[in-house]
1. Give me the extension gain from D81 to H95: residue separation times 0.36 nm, minus the current Cα-Cα distance, reported in nm with one decimal.
2. Based on the alpha-carbon gyration tensor of the range 56-134, what equivalent-ellipsoid semi-axes (square roots of 5 times the eigenvalues) come out, in whole Å, largest first?
Amino acid sequence: MTTAIPGPSAAKEPVQHEPDPQPTPDAHGPFGRVVDVRKDAPTSASPAWVTWLLFMVPLCIAEFRDLPEFEIARVSARAADLIASHGDDAQYGGHHQRSARTAIAKGLAVLARADGGVTALGIHACVRPHVGCPGISPTHSSPSKHEERDV
C-alpha cells in the first residue's frame, strides 16, 4: 500500500482567477443589428414598411451569413435587377410587389455587410460593430436579460 503525502502547496487556497474581460465581438450575431432610425432620418418609409423591414432584413442577413462571396454577388445582382424593374410595385402595389419588397430587404441585407452597414428607408443595418452605429446609442439599447420588461 502506497500513501501519497501532499506537498506544501496543497495546503494553500486555490488561486482564484478573474475571468478575462470579454473581447469586443467582431459580429453582431446571426441576425446582425437592425434598428429603427426614423426619428434621426430626414426621410423614411411608412411605419408599416419600416416595421416589415425590421423583421425581414435580419432574416435575410441570417440567410446570407454562410454564403460564399460569388453567391452574395449573384443575390445582389438579382435584387438590383428586380428593384430596377419593379421598384414602383414595391411602393404602390402591383403584380411584383412581394418580389420587389423582398428584393429591397435582400439588398439591404447585402449592404449591411459593408463597413459601417447601411442606413436607408428609416432603418440602419450592420453585421459588425462600427464607430457611429445608431444601434449602440442609449436610445436604441435593448434591456438586459436581468431588467424587468413591460409586457
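1. On the way: separation 14, 0.36 × 14 = 5.04 nm, distance 1.59 nm.
Result for the pair: 3.4 nm of gain on full extension.
2. Numbers: eigenvalues 99, 47, 18 Å².
Semi-axis lengths for the range 56-134 are 22, 15, 9 Å.
Bear in mind that the values in this text are calculations on the coordinates, not laboratory data. Everything quoted here is computed from the prediction, not taken from an experiment.
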